[in-house]
Amino acid sequence: MTTTARTVIYGASEDDCRFYQSSVEKHGSPLLLFDSSKLKQQYRSLQQALPNVDLFYAIKALPQIDVLKVIDELDAGFDVASSGELDILLGLKVGGRRTIHTHPIKSDKDIRDALRFGSTTFVIDNLDELKKLQPYRGRIGILLRVSFRSENAKVDLSKKFGCTEDEVANIIFQAEQLGLHIKGLSFHVGSQVETSDKHVAAIQSCRDMMLELNQKAKAPLSILDIGGGFPGNYALQSIDIMKFCQPIRDALASLPEDWHIYAEPGRYLIAPAVTCVTTIIGKSMRYGMPWYYLDDGVYGSFSGKIFDHAEYPLQVLKEGETSPSVLAGPTCDSIDIIDEQIELPELKIGDFIIGHQMGAYTAATRTRFNLLKEAKFIVL
Amino acid sequence: MKYFKETLYDAICQEFRVDKMYFEQKTDHQHLMIFHNAMLGRVMTLDGIVQTTEADEFMYHEMLTHVPILAHGAVKKLLIIGGGDGGILREVLKHDAIDVTQVEIDKAVIDMAVEYLPKHSDSAYDNPRANIIIDDGMAFVKDCSEKFDVIIVDGTDPIGPGEVLFTEDFYAHCKNCLNEDGVIVTQNGVPFLQIEEVKNTHQRLGQHFTDATFYTVAVPTYYGGLMTLAWASNNVELRQVSLEILEQRFKEAKLNTRYYNPAIHLASFALPQYIVNQLD
Ligand SMILES: Cc1ncc(COP(=O)(O)O)c(C=O)c1O
């Protein structure tokens, strides 16, 4: 895994300083500040970049009720992976027809919970999973997930899930034998990909497979779900999503017009909409370097450093001469280090470290280790 | 403007305009709504599925009630499992000689129906002949020492809280609470779209009753054509009662019905071949 260099911002406008200061005075520290207008903006940009694609927000990226409310307002769909995620949607009165259940491996209870909720689209990638759905065959529609490995994705999601292209025809055939309808294919090229090449290649393979299958299949395959993977902006160099998606649009243009295209974006939508505010609660000199201990770390909001291989852009509000420093989290474990070699000006206890692009796979994967207080989620 | 979209099937769905929301409740794992629709009157939905509407409930409730009662001819004690909206109870109480026990798992459903769907129960819950018990239907029939002439199971979709009412265990316990000549009828879904339910129920009832079959009613808002009502008894003659006798009983009962009549009673046991094919 190549780790991208971290982006660090030194200094901040007076307005920003005052804003972070007053947020902490009001709500305490650490904080996750959610800017819903940013989420809306991201959604609209992706919609423009992928016209005629139905977007289903991947709840797993940040299953926060305030976030889901905004997605609901936008009239977007929801990509659900568990009964727990369905429960949150139930509270929001989101209708089942706006959801797809995308976890390739499910228990019977998961399936029944989803059906009861009204979620009737399921994803499978093997024959055992197919058989689990047989009792419900009259009610459901199935997407078959195909694996396309991606070396340059930060998170390769085709290692664990997805059948090979060679298996597709047989699974479709077996499904027909069991009276089950596979209505399309899906894939996930991996999260945080640098270019859309993999999407394009996968779209083309799926198109070819579907066209061929449709010559023989009893009921045609008509849905292609192109998954997620759309990048977060960790380098803070503006991402041109129109440009990123241009090859995808071109590839999609070659599909029959009556097919339905889905996508399951998580990261692109939510990453930039959340900013983390942490406070230095302790400092020391170790091995000739200043160590700063923060009130949030890799067991908390920075958990994506471990699980998601993410290096979030950080901001110190001060400027000044810098030296290599260490930023550590608050737990007693030594893995709880956010950065071992970061150029920082001299900082004091009480100073803030701001984490940007911290919406996706951050709070979603945090733990309760040490029973530290989790960062408060604040809707701006 | 709000719309309700039914979520039973992936490839198709019916949609109702919500003209006025009377009641909406999201409890643990459950979503209940009662709203008004210009064409259907009040509509009750549970977990995205239409349960009943004021416009067409009479078809379902009359057929689930009067067919077993008039087929039997001498019902004194009748058990309703479920049926919280009160429609079945209302129909049963039209028969003067019958004492009814109704077992509903959730009192809130009855209260809510009385308040927001008052035409369904039509004050039936105030009738002294009705003995209302709040209990799990499965637990009730398991421990029950009484015997009934008719059991009417008015449950929900098999995926959800009503699941246990579709099990073989449940049917076995019901048999133990039935008199020798008794009959059990149950709501059994729309077979054109849910053929598995016909197969499963027939197989399960067949383990405990010598005569297990279905009769049908077409309820417009139970989308998909005919609905099957399961019928099981150890007395096959119950569904061979002649038209004359049914007509006589119908007259004596002085029933005021809108769907049920003796001719449709007899005809409803005639099954289309796609259903018959599932019964072997
Ligand atoms: C099935 C599925 N869909 C969608 C996503 C969201 O991906 P991304 O955040 O890259 O858009 C994931 C991420 O793990 C996933 O597993």
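The values are calculated or read from the model by the stated rules, or taken from the named source; none is laboratory data. If you're wondering where the values come from, they're calculated on a predicted model, not measured in any experiment. Reconstructed Cβ throughout: ideal geometry from the backbone, glycine too, with neighbour counts over all protein chains shown. Each accessible area value is taken on the protein alone, full model and side chains, heavy atoms only, with ligands, DNA and RNA left out. Shrake-Rupley method; radii C 1.70, N 1.55, O 1.52, S 1.80 Å.
Shape analysis of the protein assembly as shown based on the Cα gyration tensor places the equivalent ellipsoid semi-axes at 58, 28, 20 Å, largest first. Cα extents for region B:78-153 along the principal axes, largest to smallest and rounded to whole angstrom: 34, 27, 18.
Accessible surface of A:GLU165, taken over heavy atoms with a 1.4 Å probe and every protein chain present, rounds to 80 Å². Kirkwood hydrodynamic radius computed over chain B comes to 18.9 Å, based on all pairs of distinct alpha carbons. So if the hydrodynamic radius of region B:1-109 is defined as the Kirkwood radius over C-alpha pairs, what does Stokes-Einstein give as its diffusion coefficient at 20 °C and 1.002 mPa s, in µm² per second? Estimated via Stokes-Einstein, D reaches 137 µm²/s. Of the listed residues A:ASP66, B:ASP181, B:ASP149, the order by accessible area with a 1.4 Å probe, largest first, is B:ASP181, A:ASP66, B:ASP149.
Backbone phi angles across region A:39-52, fed through the Karplus curve with coefficients 6.51, -1.76 and 1.60 (θ = phi - 60°), yield HN-Hα couplings of 4, 4, 5, 4, 4, 5, 5, 5, 4, 5, 6, 10, x, 6 Hz in residue order; Gly and Pro are listed as x. Over all Cα atoms in chain A, the spread is summed up by Rg and Dmax: 22.3, 71 Å. Helical runs assigned H by DSSP (4 residues or longer) give chain A a calculated mean residue ellipticity at 222 nm of -9000 deg cm²/dmol, each run adding -39500 (n - 2.57) before division by the residue total.
Chains B and A: what accessible area do they bury, summed, in square angstrom to the nearest 100, with a 1.4 Å probe?
Numbers: alone 12650 and 17340 Å², together 28050 Å².
Looking at B and A, the buried total is near 1900 Å².
Determine the order of B:TYR22, B:TYR60 by accessible area, beginning with the largest, at a probe radius of 1.4 Å.
B:TYR22, B:TYR60
If you take the square roots of the eigenvalues of the alpha-carbon gyration tensor of region B:3-53 and sort them as a ≥ b ≥ c, do you get rounded (a/c under 1.5), prolate (a/b over b/c) or oblate? Oblate, because a/c is 1.5 or more while a/b does not exceed b/c.
Loop-located trypsin sites (Lys or Arg not before Pro) across region A:171-221 with a Cβ neighbour count of 12 or fewer within 10 Å are A:LYS218, with loop assigned by DSSP.
Per residue, how many Å² of accessible area does region A:37-270 show with a 1.4 Å probe?
Values: 9410 Å² over 234 residues.
Result: 40 Å² of accessible area for each residue.
All Cα-Cα separations within region B:162-230 were binned at 10 Å from zero, giving a P(r) of 20, 52, 24, 4, each value a whole percent of the pairs.
Shown in residue order for region A:81-90 are the 3J(HN,Hα) couplings computed by the Karplus curve 6.51 cos²θ - 1.76 cosθ + 1.60 at θ = phi - 60°: 10, 7, 5, x, 5, 5, 4, 5, 5, 4 Hz (x for Gly and Pro). Close amide H contacts of A:HIS103 (hydrogens built in the peptide plane, cut-off under 5 Å, sequence separation of 5 or more or a different chain): A:VAL123. Annotation: lysines with alpha-carbon distance below 16 angstrom to B:LYS251 (same-chain offsets under eight excluded): B:LYS94. Legend: distances between Cα atoms for A:LYS106/A:LYS131; A:LYS38/A:LYS243; A:LYS160/A:LYS243; B:LYS119/B:LYS175; B:LYS77/B:LYS142; A:LYS154/A:LYS283; pairs beyond 23 Å are A:LYS160/A:LYS243; B:LYS119/B:LYS175; A:LYS154/A:LYS283. Report the far tail of the P(r) of region B:159-280, meaning the percent of Cα-Cα pairs longer than 19 Å. I get 52 percent for the Cα pairs in region B:159-280 exceeding 19 Å. Amide H to amide H distances under 5 Å link B:VAL153 with B:ILE81, B:VAL185, B:THR186, B:GLN187, where only residues 5 or more positions off or on other chains count and H is placed in the peptide plane. Ignoring ligands, DNA and RNA, what percent of the 1.4 Å accessible area of region A:37-270 is carbon and sulfur? After summing per-atom areas, the C and S share lands at 47 percent.
In this structure B:TYR274 has an accessible area near 90 Å², from a 1.4 Å probe over the protein heavy atoms. Looking at chain B alone, DSSP beta bridges between its own residues are antiparallel in about 60 percent of cases. Counting only heavy atoms of the protein chains and using a 1.4 Å probe, A:SER13 has close to 60 Å² of accessible surface. Remark: region B:222-229, residue by residue, has Karplus-estimated 3J(HN,Hα) of 8, 3, x, x, 5, 9, 9, 10 Hz, where x stands for each Gly or Pro and the curve is 6.51 cos²θ - 1.76 cosθ + 1.60 at θ = phi - 60°.
Highest mobility in the GNM of chain A, judged by mean-square fluctuation with C-alpha springs under 10 Å and restricted to A:HIS101, A:HIS199, A:HIS309, is found for A:HIS309.
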